[in-house]
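What follows is a set of notes on a single structure, which appears directly below.
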Amino acid sequence: MTLFAKIINREIPAQIVFEDEHVLGFKDINPQAPVHVLFVPKLAVANTDALGDDQAELVGRVVLAARAYARQVGIAESGYRMVMNTNGDGGQTVFHLHLHLLGGRPMHWRPG
């Protein structure tokens, strides 16, 4: 069971800011922006590469949950970034599909 599954199951505390039937949103413990929230599907899927072709609705729900939260906290008009990391070279460290919502400051691209 992943760290995120334990948060979904309330086995580990988190600052939950969004929840519906399909998606949970909680603040990142190491924020990279004033707003940094992770949105995870309640259904366990390792990452975008592990998604089935029939799971487009699941990804859509995650994206729309992040959009709703961005609007709620007032960063939609100024702009925000959504990021999904996949596997090691993509920067994924927890193997449960998740979307990072970052905002509240200008986002700059810094290639590594």
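Listed by position, the strands (runs of 3 or more DSSP E) enclosed by region 1-95 that each have at least 2 residues that are under 23 Å from Pro106 (Cα atoms) are 23-27, 35-41, 80-83. One residue alone among Ile8, Ile12 is closer than 15 Å to Leu99 by Cβ, touching a Lys or Arg at 6+ places or on another chain (Cβ under 7 Å) and hydrophobic (A, V, I, L, M, F, W, C), and that residue is Ile8. One residue stands out in region 36-79 among those that are more than 14 Å from Val17 (Cβ to Cβ) and among the hydroxyl-bearing types (Ser, Thr, Tyr): the one that is most open to solvent (accessible area, probe 1.4 Å), namely Ser78.
Test of understanding: among Gly104, Gly74, which residue is at positive phi and either hydrophobic (A, V, I, L, M, F, W, C) or without any contact (Cβ under 8 Å) to a residue 24 or more places away in the chain (or both)? Before you say what the answer is, go through the steps one by one.
Numbers: Gly104 fails: either hydrophobic (A, V, I, L, M, F, W, C) or without any contact (Cβ under 8 Å) to a residue 24 or more places away in the chain (or both).
Matching residue, one of Gly104, Gly74: Gly74.
Return yes or no: is Glu11 free of Cβ contacts under 8 Å to residues at least 12 places away in the same chain, open to solvent by 60 Å² or more (accessible area, probe 1.4 Å) and either over 19 Å from Met1 (Cβ atoms) or not small (Gly, Ala, Ser) (or both)? So Glu11 passes the test.
Every residue, every condition in (1) modelled with pLDDT of 95 or more; (2) over 12 Å from Leu97 (Cβ atoms); (3) in contact with a His (Cβ under 7 Å, 6 or more places away or on another chain), yes or no:
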{"residue": "Met1", "(1), (2), (3)": "no, yes, no"}
{"residue": "Val59", "(1), (2), (3)": "yes, no, no"}
{"residue": "Leu64", "(1), (2), (3)": "yes, yes, no"}
{"residue": "Tyr69", "(1), (2), (3)": "yes, yes, no"}
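Under the condition of being open to solvent by 50 Å² or more (accessible area, probe 1.4 Å) and hydroxyl-bearing (Ser, Thr, Tyr), the residues counted in region 80-112 number 2. For region 26-35, the tally of residues that are farther than 14 Å from Ala66 by Cα and open to solvent by less than 80 Å² (accessible area, probe 1.4 Å) stands at 2.
The values are calculated or read from the model by the stated rules, or taken from the named source; none is laboratory data. The structure displayed is predicted, hence computed values, not measured ones. Positions of Cβ are backbone-derived with ideal geometry, glycine not excepted, and every protein chain shown enters the neighbour counts. We work out accessible area using only protein heavy atoms, side chains counted, and drop any ligands, DNA or RNA first. Shrake-Rupley method; radii C 1.70, N 1.55, O 1.52, S 1.80 Å.
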